[in-house]
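The values are calculated or read from the model by the stated rules, or taken from the named source; none is laboratory data. The structure presented is a predicted model; accordingly, all values stated were derived computationally and were not measured. Virtual Cβ from ideal backbone geometry, glycine too; neighbours counted across all protein chains shown. Surface areas here come from the heavy atoms of the whole protein model, side chains and all, with no ligands, DNA or RNA. Shrake-Rupley method; radii C 1.70, N 1.55, O 1.52, S 1.80 Å.
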Amino acid sequence: MGIEEREFLEELVVDRTYIRVNTLKVSLSRFLKNTELELSKTGYKYGYRVEGDVKIGKTMEYFLGYLHTQSLSSMMPVLAFSSWKDNIEVLDAAASPGGKTSQIAQHTSNKAAITAIDKRTGRISLLVSNLERLGVVSVNVVRRDSRKLPWKNTFNKVLVDAPCSSLGSSLFALRKTTHRRVRDMARVQRKMLLSAFDALKEGGELVYSTCTITEEENEAVVANLLENRSNATIERVKLPIRHSKGLESYEFSDKVARIYPWEVESEAFFVARIKKS
Ligand SMILES: C[S@@+](CC[C@H](N)C(=O)[O-])C[C@H]1O[C@@H](n2cnc3c(N)ncnc32)[C@H](O)[C@@H]1O
């Protein structure tokens, strides 16, 4: 990657702290009444920006599970689903550290049966400790490779928040990213999305997301699914924060969402919603 490309990407990374208030443990009104954190509203009811230099992970509210630190953009994929109902089966195909798994549990009041998968053992313990802290009780945690899932036509909703190059999200990731790494990531993402789509029930919906800006890991992965699965259709994503369309060379560009750091003061994200007919 050239110096100019790197400098541009470094400029994208925004250093802001956001929390999601976890209503599985505390009501929103009680939390807001009692917290000493200085918070600003966002477009999402439970998402707040934290002002000042606070170590959230050391606060009592964090230990009590009243909140989870999560970027504003990363709260969006769960909101991209058309609705959340109790008593449904949900697959989270790349779940650790559990930000979105616990958000799904929150939106379904712990009443959906969630299968949360991650491939790496170390990440599984992180996932389990976060779910425990946040009072999530409806999750079956499984260590496996989501490129080869055993389920067919099983889940009502599937989330693929894929591992990615994190360009536009993390300075650390930027330092180790090469074009080759992006290509390798895209290969994993294509396989994960195909396998996760096969696990989705007919009539169900899947959200694919990444925290990166590359075409290879975003629109191209979705296009690959459409080429290989004739029963996949793209549905328009609606989000409560500012976002842009996808890259124009794709016919579904106005249906997917690109969240850019300069529009929302949070990390870059890509979100697509796919239906199985
Ligand atoms: C972007 S993170 C997920 C973040 C998570 N959804 C959240 O909101 O907290 C991607 C995760 O995918 C996992 N992963 C990478 N390759 C995988 C694979 N082949 N199968 C399942 N999980 C995988 C990584 O260990 C990592 O924890």
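When a/c is below 1.5 the answer is rounded, else prolate if a/b is larger than b/c, else oblate, so apply that to region 162-261 with a ≥ b ≥ c taken from the square roots of the Cα gyration tensor eigenvalues.
On the way: a/c = 1.89, a/b = 1.31, b/c = 1.45.
Judged from the Cα gyration tensor, region 162-261 comes out oblate (a/c at least 1.5, b/c at or above a/b).
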Low-density loop cleavage sites - GluC sites (Glu not before Pro) in region 1-73, where at most 14 other Cβ are within 10 Å (DSSP): 36, 38, 51
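For a protection proxy built on the mean count of beta-carbon atoms within 10 angstrom, sort 144-153, 184-193 highest first, please.
Top to bottom by mean Cβ count within 10 Å: 184-193, 144-153.
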Full-extension gain in nm, residue 172 to residue 109, via 0.36 nm per residue minus C-alpha separation: 19.2 nm
Whole-number D in µm² s⁻¹ for region 17-70, Kirkwood Cα-pair radius fed into Stokes-Einstein, 37 °C, 0.692 mPa s: 298
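Enter the per residue convex hull volume of region 1-112, computed from alpha-carbon coordinates, in Å³ rounded to the nearest integer. Could you put the intermediate results ahead of the total?
On the way: hull volume 16.2 nm³, N = 112.
Taking the convex hull of the Cα positions in region 1-112, it is 145 Å³ per residue.
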Length released on extending from residue 187 to residue 55, taking residue separation times 0.36 nm less the Cα-Cα span: 43.9 nm
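For 243, 179, 68, give me the order by solvent-accessible area with a 1.4 Å probe, most accessible first, ignoring ligands, DNA and RNA. Please list the in-between numbers first.
Numbers: 243 65, 179 90, 68 10 Å².
So, going from the largest accessible area down, we get 179, 243, 68.
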Relative contact order (percent, whole number), the chain, Cα cutoff 8 Å, 6+ residue spacing: 19
Straight-distance crosslink candidates among aspartates and glutamates, where the alpha carbon sits under 18 Å from residue 201 and sequence neighbours closer than 8 are dropped: 86, 89, 92, 235
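With N residues in the chain, what two-decimal value do you get for its Cα radius of gyration over 2.2 N^0.38 Å?
Scaled against compact globular proteins, the figure is 0.96.
My understanding is that a pair violates if its Cα-Cα distance is over 29 Å; which of 191/276; 25/85; 238/276; 41/176; 25/157; 85/152 do that in this structure?
Values: 191/276 17 Å; 25/85 19 Å; 238/276 18 Å; 41/176 34 Å; 25/157 24 Å; 85/152 21 Å.
Beyond 29 Å: 41/176.
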